[in-house]
């Protein structure tokens, strides 16, 4: 399992966008969200954390490996609610 903290993920639209971004690089990945905690957990059998992170970044979000100390997320991109 690969986990990211994504502080600029704030709503259902964000969840849908990130889900599509992950599916674009691994259609078989299982994606689980904890929206209040701004966390996504991805189970992928074939794609690395770096590729998943880049895909989420390309969708406009700021993923930080869950075991890393998160930096303050910029308030740009990502959600339409921001």
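The values are calculated or read from the model by the stated rules, or taken from the named source; none is laboratory data. Model, not experiment: these values are computed from the prediction. Positions of Cβ are backbone-derived with ideal geometry, glycine not excepted, and every protein chain shown enters the neighbour counts.
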Consider residue 37 against the criteria (1) at pLDDT 95 or above; (2) exposed (fewer than 14 other Cβ atoms within 10 Å of the Cβ); (3) in contact with a strand residue (DSSP E or B) (Cβ under 7 Å, 6 or more places away or on another chain): it satisfies all of them except one. Which criterion is unmet? (3)
Could you list, in sequence order, all residues of region 40-79 that are modelled with pLDDT of 65 or more and more than 13 Å from the chain's Cα centre (by Cα)? 44, 45, 46, 47, 48, 67
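Take the conditions in a strand (DSSP E or B) and in contact (Cβ under 8 Å) with a residue 12 or more places away in the chain and apply them to residue 42. Does it pass?
Criteria met by residue 42.
Could you list, in sequence order, the residues of region 1-34 that are in a strand (DSSP E or B), touching a residue at least 40 places away in the same chain (Cβ under 8 Å) and surrounded by fewer than 19 Cβ atoms within 10 Å (Cβ to Cβ)? Steps first, answer last, please.
Keep residues of region 1-34 that are in a strand (DSSP E or B), which gives 2-5, 30-34.
From what is left, the residues that are touching a residue at least 40 places away in the same chain (Cβ under 8 Å) are 2-5.
Answer for region 1-34, where residues must be in a strand (DSSP E or B), touching a residue at least 40 places away in the same chain (Cβ under 8 Å) and surrounded by fewer than 19 Cβ atoms within 10 Å (Cβ to Cβ): just 3.
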